[in-house]
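The values are calculated or read from the model by the stated rules, or taken from the named source; none is laboratory data. Since the model is a prediction, treat every value here as computed from it, not as a measurement. A quick note on method: Cβ atoms are made from the backbone with ideal geometry, for glycine too, and the neighbour counts reach across all protein chains shown.
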């Protein structure tokens, strides 16, 4: 799928509002057109109408355009797991947090789809994505332990939640229809509960 090229005014200064957003769009366009490996930071900055120095004000390298939101996502998950009522089961606390994150991602579905296509095409980026998901699971497990959840329950709930999130996210970005990500997450949790139910 090709991405329409958005032309930016080359005279736009580095302090112009939304430089970060323009850099994200420009990077994804170029990754789609040329491939991740073939795209340079200089080309991304030029396409976005900013300087190379401005690029590095927002991103450490060209990979970070794809992963810069990881900290925000982790903070969101940790905050929501921690805020769950004391009576909430570990898996329900994790699910509720993932649904909140899903609602945030829902607003950026087009970006998420293009980002996922770039990651899928590059083994190094796939590895980085798996590391990110493992970090999210570890962070949620740590919060569950602070809530008094013992091991291995805390780790199992967090790891299961991330597995559900991964499957739901892939379903959401690949669907032809505009699915609701929080709903897909809920349905995926229900499916997990169904396949792990004790059969008598």
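Summary of computed values
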{"quantity": "Which numbered condition residue 3 misses (of (1) closer than 18 Å to residue 66 by Cβ; (2) at pLDDT 90 or above)", "calculated": "(2)"}
{"quantity": "Residues that are part of a loop (DSSP other than H, G, I, E, B) and surrounded by fewer than 14 Cβ atoms within 10 Å (Cβ to Cβ), drawn from the range 77-105", "calculated": "85, 86, 87, 89"}
{"quantity": "Of the criteria (1) in contact (Cβ under 8 Å) with a residue 60 or more places away in the chain; (2) buried (at least 17 other Cβ atoms within 10 Å of the Cβ); (3) closer than 16 Å to residue 170 by Cβ, which one residue 119 fails", "calculated": "(1)"}
{"quantity": "Of the criteria (1) in a helix (DSSP H, G or I); (2) at pLDDT 90 or above, which one residue 150 fails", "calculated": "(1)"}
{"quantity": "Test: residue in the range 41-49 that is outside the structural domain of residue 115 (by TED's automatic domain parsing), modelled with pLDDT of 90 or more, over 25 Å from residue 116 (Cβ atoms) and assigned to a loop (DSSP other than H, G, I, E, B)", "calculated": "yes"}
{"quantity": "Any hit, the range 165-174, residues being over 30 Å from residue 33 (Cα atoms) and either in a loop (DSSP other than H, G, I, E, B) or in contact with a helix residue (DSSP H, G or I) (Cβ under 8 Å, 6 or more places away or on another chain) (or both)", "calculated": "no"}
